[in-house]
1. Going through S79, S86, S71 one at a time, which residue ends up being within 16 Å of P142 (Cα to Cα) and hydroxyl-bearing (S, T, Y)?
2. State yes or no: is L67 surrounded by 15 or more Cβ atoms within 10 Å (Cβ to Cβ), modelled with pLDDT of 95 or more and closer than 16 Å to A133 by Cβ?
3. What are the residues in segment 72-91 that are part of a strand (DSSP E or B) and more than 19 Å from A155 (Cα to Cα), if any?
4. So, D94, is that one without any contact (Cβ under 8 Å) to a residue 40 or more places away in the chain and part of a helix (DSSP H, G or I) or not?
5. Pull up segment 50-71, narrow it to residues that are within 16 Å of the ligand (Cβ to nearest atom) and assigned to a strand (DSSP E or B), then point me to the one that is nearest to M112 (Cα to Cα).
6. Filter segment 122-142 for residues that are under 13 Å from the mean Cα position of the chain (by Cα) and not in a strand (DSSP E or B) and give the result.
7. For residues that are free of Cβ contacts under 8 Å to residues at least 12 places away in the same chain and part of a helix (DSSP H, G or I), scanning just segment 12-33, find the one that is nearest to the chain's Cα centre (by Cα).
8. Counting only residues that are in a loop (DSSP other than H, G, I, E, B) and of a type in the set (G, A, S), how many does segment 97-109 have?
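The values are calculated or read from the model by the stated rules, or taken from the named source; none is laboratory data. Keep in mind that this is a model prediction, so the values were computed, not measured. Virtual Cβ from ideal backbone geometry, glycine too; neighbours counted across all protein chains shown.
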Amino acid sequence: MSSELLPVLRERWSPRAFDPAHHLSDQDADVLLEAARWAPSAGNSQPWAFHVARRNTPEWRALTEHLAGSSRPWASQASALVVNLSHVYVEDTDWEFSEFSIYDLGQAVAHMTIQAHSMGLSCRQFRAFDKDAVGRLLEVPPHWDVVTMTAIGRAPSEAERGPRASQRETAIAWPRS
Ligand SMILES: Cc1cc2nc3c(=O)[nH]c(=O)nc-3n(C[C@H](O)[C@H](O)[C@H](O)COP(=O)(O)O)c2cc1C
């Protein structure tokens, strides 16, 4: 692996275990949201929103009701669950809808994830929850879409990361010869 790669990129990974004793401070939560806020977006539309629910708060309890069986064991240990929403339509433009809203949201979440890693925190983004139920719970308005959640917390040191495709596999040129 290239030594030129930023350590925060090389070392980031998504654990399936979190320290249930770790608490996410207000200040840390603010820094994570700030990292997302500075992400680039199509036409500077910033088509994202984040709903942060800290562990053991009433809103967190309500969200955990809607986790799928596959995510519940680790997501409910995390210090916070963040619901990631995209703004599908963009007011004050002549766009019918933002074809880039999910793309832009993904960049903002990536920013948050990298910022978290640099603060000694870990994130696992996930889709394994009842999206419609979460939308109803948060009373998500029309034109907004619940896309994913991010479990954020401190990973236990024994947790292991998964494999990764090689650069040769991802740097594909078309048409292929
Ligand atoms: C949009 C998105 C959805 C994901 N959904 C899930 C999920 O439902 N359950 C899960 O365990 N992991 C989920 N993940 C985490 C990925 O599986 C994980 O990022 C991937 O295996 C690469 O591992 P790494 O982040 O440790 O490099 C999701 C990640 C993304 C970006």
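1. S86
2. So L67 fits the description; yes.
3. Matches in segment 72-91: V83, N84, L85, S86, H87.
4. So D94 does not fit the description; no.
5. F50
6. R127, A128
7. Among those that are free of Cβ contacts under 8 Å to residues at least 12 places away in the same chain and part of a helix (DSSP H, G or I), it is D30.
8. 1
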